[in-house]
Amino acid sequence: MKYIDSTQVHKKMGTRLIANTLAKTLFLLATLFGLVVLIVLIYRVLKDGLPWINMDFLTNRLSTDPGRAGIWGAIMGTFWLMLVVAPVTMILGIGTAIYLEEYAKKGRVSSFIKTNISNLAGVPSVVFGILGLTVFARALDLGSVVLAGGLTMALLVLPVVVVASQEAIRAVPQFLREASYGMGATKWQTIKNVVLPAAIPGILTGVILALSRAIGETAPLVVIGIPALLIPIPDGIFDKFTILPVQIYYWTIDSALVAEYANLAAATIVILLLVLFVMNSIAILIRNKFQKRY
Amino acid sequence: MTVMTDKKHTTENLSMKAGNQENAKKVVYDTKDLNLWYGEGHALKNINLAINENEVTAIIGPSGCGKSTYIKTLNRMVELVPSVKISGEILYRGRNILEKGYQVEDLRTSVGMVFQKPNPFPKSIYENIAYGPKIHGIRDKKILDEIVEKSLRGAAIWDEVKDRLNQNAYGLSGGQQQRICIARALAIEPDVILMDEPTSALDPISTLKVEELVQELKKDFSIIIVTHNMQQAARISDKTAFFLNGEVIEFAETDKIFSNPSDKRTEDYITGRFG
């Protein structure tokens, strides 16, 4: 006796195929939803902002007059902020990753630390802002300057760098380490000459992604206290500053008062998106260039 | 040419030979009651082996018998496995390498290793060979050039690669890569060379080249080679140790092991009844 009756199977085949088509349509819609929203968003931003972008907009100081307002201050603020965030996250993040992957004994303590680094990545950014306000701006009495904001932002994106670097270091084949140890190299010589050169592409990708997150973050700096209207251009890491996303935030709020502020915000969004697009492209280029070398 | 100065044993060795002509072979590695556990698994059981210098000692046995573990214990590479526990003694040139405070980097400078899979660095051929001397502090380009040439000649691959020393070692064939790895081990001017199934990933012609090379090298080095291939052990080694389930079943002259083994299990293994 056969268990599968082919006439019965044939009868039910129609419903099965319909269920399949239904599932496929559902998943396609899910994909399209995100895509459509993104396209609408970019279209609106470009429509509102593009006419306002010109050389004056990029190089002027901030002003209450929409016709004269520019974002040079926010661009320089972002630049100085990155100058703090990049070295701090790289030193702390890569250092932590090297310690955890190469030096720390694999045990309860190291897995506890690793778990909490992943947890740290899930802490809301506004909480980091409060930490920055209490520790860097007030307790260390830095005030709301680039250094305080940069240290806060560095802590915020640190987990991204740590996790990406750990993965890159772990992906270096063990046989390369063995070859180096086998010749009497110390751990540090092996890390410096074998592990890091092989892991650098992955680490760099992580660093760039972390920086592009830092460039777009708003909440922690708003909490630290960035002035809504800052005319002077920051000149170093001890100056008060504003950055592109915070500028977007204030202009959007104030667009209730002056309608053109909404266009200024849109124009700034275009610039910010452009910066992020370039950074992510560099990250992807690095990743593709160094993929599959073993 | 001797570039590194750590060669105390050479003089000891000469005086020994002068004083004791008929027993000229000196023990380089003396293993006493070695036990090793991976977590709960007892991988090596009461190993006692005395390995002579300037000989090729082959270690044979079926998969999982502990032969690779043993050779990796000789340069303490086995410690890279997190849960490993070791007891007993391994005397290298009279000093216990398992005692507290023994500098493992020192040991590995005198004991080179060639691995199962060719594992050159993703660097140029030149940089691969110069790696060892460089980490031991040699910076002079002229000396490095000499070491690179000498090591590549020593590994019988100089003629094949002399015109492309700056090319990536990954561009070479598997057999050439393995000889690059042997040259890289020679470049630290070791006393002993450990080989962990060095030909298992190679084709027959490359295997033959490596075997000839081993014969050549034993004049200057003591060689301990783990092999899966019994014909290889018979062809190239002076002494053979047969491992089974973490124990040394028999250790004797290779001729004797293969013609007249004293243990039934050795005979069963070499005649292909198991393993």
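Quick notes on this one:
- Residue in the range B:84-105 that is nearest to B:F221 (Cα to Cα), counting only those that are of a type in the set (D, E, K, R) and either more than 13 Å from chain A (Cβ to nearest Cβ) or touching a residue at least 40 places away in the same chain (Cβ under 8 Å) (or both): B:R93
- A single member of A:F277, A:F241, A:F290 is within 14 Å of chain B (Cβ to nearest Cβ), out of contact with any His (no Cβ under 9 Å at 6 or more places or on another chain) and not aliphatic (A, V, I, L, M), and it is A:F290.
- The sole residue among A:L58, A:L50, A:L81, A:L92 that is farther than 30 Å from A:T186 by Cβ and open to solvent by 70 Å² or more (accessible area, probe 1.4 Å) is A:L50.
- The range B:115-151, residues that are of a type outside the set (D, E, K, R), open to solvent by 10 Å² or more (accessible area, probe 1.4 Å), assigned to a loop (DSSP other than H, G, I, E, B) and more than 20 Å from B:E105 (Cβ to Cβ): B:Q116, B:P118, B:P122
- Across the range A:240-283, the number of residues qualifying as touching a Pro at 6+ places or on another chain (Cβ under 8 Å), over 22 Å from A:K47 (Cβ atoms) and open to solvent by less than 40 Å² (accessible area, probe 1.4 Å) comes to 2.
- Taken together, the residues in the range B:113-135 that are more than 7 Å from chain A (Cβ to nearest Cβ) and not aromatic (F, W, Y) amount to 13.
- The single condition from (1) among the hydrophobic types (A, V, I, L, M, F, W, C); (2) closer than 24 Å to B:D196 by Cα; (3) out of contact with any Pro (no Cβ under 9 Å at 6 or more places or on another chain) that B:V161 fails is (2).
- A residue that is buried (at least 21 other Cβ atoms within 10 Å of the Cβ) and either in contact with a helix residue (DSSP H, G or I) (Cβ under 6 Å, 6 or more places away or on another chain) or among the acidic types (D, E) (or both) cannot be found anywhere in the range B:82-95.
- Selection within the range A:157-197 - more than 9 Å from every other protein chain (Cβ to nearest Cβ), surrounded by fewer than 23 Cβ atoms within 10 Å (Cβ to Cβ) and in contact with a Ser or Thr (Cβ under 6 Å, 6 or more places away or on another chain): A:L158
- Within the range B:174-275, helices (runs of 4 or more DSSP H) holding 1 or more residues that are open to solvent by 60 Å² or more (accessible area, probe 1.4 Å): B:204-217, B:230-236, B:254-259, B:264-270
- Search result, residues across the range A:67-78 that are open to solvent by 20 Å² or more (accessible area, probe 1.4 Å) and either at pLDDT below 90 or part of a loop (DSSP other than H, G, I, E, B) (or both): A:G67, A:R68
Conditions (1) more than 18 Å from the chain's Cα centre (by Cα); (2) outside any loop (DSSP other than H, G, I, E, B); (3) within 30 Å of B:D255 (Cβ to Cβ), marked per residue:
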position: B:A50; (1), (2), (3): no, yes, yes
position: B:A58; (1), (2), (3): no, yes, yes
position: B:I86; (1), (2), (3): yes, yes, no
position: B:I90; (1), (2), (3): no, yes, yes
position: B:G101; (1), (2), (3): yes, no, no
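- The listed residue being within 25 Å of the chain's Cα centre (by Cα) and not in a helix (DSSP H, G or I), out of A:P245, A:P227, A:P232: A:P227
- Residue match in the range A:16-28 (condition: within 30 Å of A:V145 (Cβ to Cβ), out of contact with any Pro (no Cβ under 6 Å at 6 or more places or on another chain) and of a type in the set (A, V, I, L, M, F, W, C)): no
- Selected residue [touching a residue at least 40 places away in the same chain (Cβ under 8 Å) and either assigned to a helix (DSSP H, G or I) or in the same structural domain as A:D235 (by TED's automatic domain parsing) (or both)] from A:R44, A:R16: A:R44
- Residues of the range B:152-173 that turn out to be within 14 Å of chain A (Cβ to nearest Cβ) and either open to solvent by 30 Å² or more (accessible area, probe 1.4 Å) or part of a loop (DSSP other than H, G, I, E, B) (or both), as a count: 3
- Residue check for B:K123: charged (D, E, K, R), under 17 Å from A:L176 (Cα atoms) and either touching a residue at least 60 places away in the same chain (Cβ under 8 Å) or in contact with a Gly (Cβ under 7 Å, 6 or more places away or on another chain) (or both): no
- Some residue of the range A:220-239 being touching a residue at least 12 places away in the same chain (Cβ under 8 Å) and in contact with a Pro (Cβ under 6 Å, 6 or more places away or on another chain): no
- For the range B:15-28, the condition holds for at least one residue, the condition being that it is surrounded by 15 or more Cβ atoms within 10 Å (Cβ to Cβ), at pLDDT 90 or above and in contact with a strand residue (DSSP E or B) (Cβ under 8 Å, 6 or more places away or on another chain).
- Selected residue (only one of A:G225, A:G206 is assigned by TED's automatic domain parsing to the domain that holds A:F175 and either open to solvent by 50 Å² or more (accessible area, probe 1.4 Å) or modelled with pLDDT of 90 or more (or both)): A:G206
The values are calculated or read from the model by the stated rules, or taken from the named source; none is laboratory data. Keep in mind that what you see is a predicted model, and the values were worked out from it rather than measured. Neighbour counts run over all protein chains shown; Cβ positions are idealised from the backbone, glycine included. Keep in mind that these areas ignore ligands, DNA and RNA; they rest on the heavy atoms of the full protein, side chains included. Shrake-Rupley method; radii C 1.70, N 1.55, O 1.52, S 1.80 Å.
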